[in-house]
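A.B. asks: Below is the structure I would like to discuss, written out as structure tokens.
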Amino acid sequence: MIRRPPRSTLSSSSAASDVYKRQRYTYFLLAAAGTAVGFSLTQTSSSALSWYQVPLALALLFWGLSFYLGCKNLGYVNSTLYANAEMLRIQSGIHPKVGNHPQMVQAASEGIMNAIESNANMANQLGHWQFRTLIMGSIAYIVWHIVEMWLRT
């Protein structure tokens, strides 16, 4: 009897719900970064460039990086979901290129499982860095705001 690899963690309804919640969180962080960029630009629309705006430039850089990392994260999540759907097709024997051949099912399942794990790990890392860069941008913005307040006194 052929031993099947464990089913992808995305195939259960609770795991699918977890993926959906994580995607909503990623979209929330994307919206926060985009809003932060827009807000900071409206705050400085009438300002001339000056040395004390360096922290603001850093904030914008971090927020832009956060947005980019969030988009990359969603790409890896989507790749993981697609690979999981292919895994389910292979394991059920309906994939047109693999069919029901036990060795082919096992080899394809193992390869896809490796891809799923790799994509999931990368998405996880990108998600963490998306949040970290959003926070770094917020800290840089606060530093800029404090410097601006200090210069006004």
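A.B. asks: What value, in deg cm²/dmol to 500, does the helix sum -39500 (n - 2.57) over DSSP H runs of n ≥ 4 give at 222 nm once divided by the residues of the chain?
C.D. replies: Value at 222 nm, helices only: -29000 deg cm²/dmol.
A.B. asks: Let me ask something additional. Using the Karplus curve 6.51 cos²θ - 1.76 cosθ + 1.60 with θ = phi - 60°, what ³J(HN,Hα) values do you get for each residue of segment 128-142, in whole Hz, with x for Gly and Pro?
C.D. replies: Once θ is set to phi - 60°, the couplings for segment 128-142 become 5, 6, 4, 5, 4, 5, 4, 5, 4, x, 5, 5, 4, 5, 5 Hz.
A.B. asks: Full-extension gain between ASN78 and ILE142, please, as 0.36 nm times their residue separation minus the C-alpha to C-alpha distance.
C.D. replies: Going from the current span to full extension adds 19.6 nm.
A.B. asks: Also, quick follow-up: Compute the FRET efficiency between GLU110 and CYS71 as 1/(1 + (r/R0)^6), taking r as their Cβ-Cβ distance and R0 = 25 Å, and round to the nearest 0.05.
C.D. replies: FRET efficiency, GLU110 to CYS71: 0.25.
A.B. asks: So, with +1 on the Cβ of K and R and -1 on the Cβ of D and E, and no other charges, what is the size of the charge dipole of the chain about its Cα centre, to the nearest 20 debye?
C.D. replies: 320
A.B. asks: Here is a further query. State in Å² the accessible area per residue of the chain; use a 1.4 Å probe, count heavy atoms of protein chains only, and round to the nearest integer.
C.D. replies: Each residue of the chain exposes 63 Å² on average to a 1.4 Å probe.
A.B. asks: Could you grab the relative contact order for the chain? Cα pairs under 8 Å, six or more apart, rounded to a whole percent.
C.D. replies: Normalised by residue count, the contact order of the chain is 36 percent.
A.B. asks: Now for a separate question. Give the angle, between 0 and 90 degrees and rounded to the nearest 10, that separates the Cα long axis of helix 13-43 from the longest principal axis of the Cα atoms of the chain.
C.D. replies: Orientation of helix 13-43: about 20 degrees from the principal axis.
A.B. asks: If you don't mind, another one. How many nm is it between the label spots at ASN121 and ILE135, if each spot is 7 Å from the Cα in line with the beta carbon?
C.D. replies: 2.4
A.B. asks: Report the gain in length on full extension from SER47 to THR153: 0.36 nm times residue separation, minus Cα-Cα distance, nm rounded to one decimal.
C.D. replies: Length gained, SER47 through THR153: 36.4 nm.
A.B. asks: Percent of accessible area on the chain owned by carbon and sulfur, 1.4 Å probe?
C.D. replies: Of all accessible area on the chain, carbon and sulfur atoms account for 65 percent.
The values are calculated or read from the model by the stated rules, or taken from the named source; none is laboratory data. As the structure is a prediction and not an experimental result, all values here were calculated from the model. Note that we place each Cβ from the backbone using ideal geometry, even for glycine, and neighbour counts take in every protein chain shown. For accessibility, only protein heavy atoms count, side chains too; no ligands or nucleic acids. Shrake-Rupley method; radii C 1.70, N 1.55, O 1.52, S 1.80 Å.
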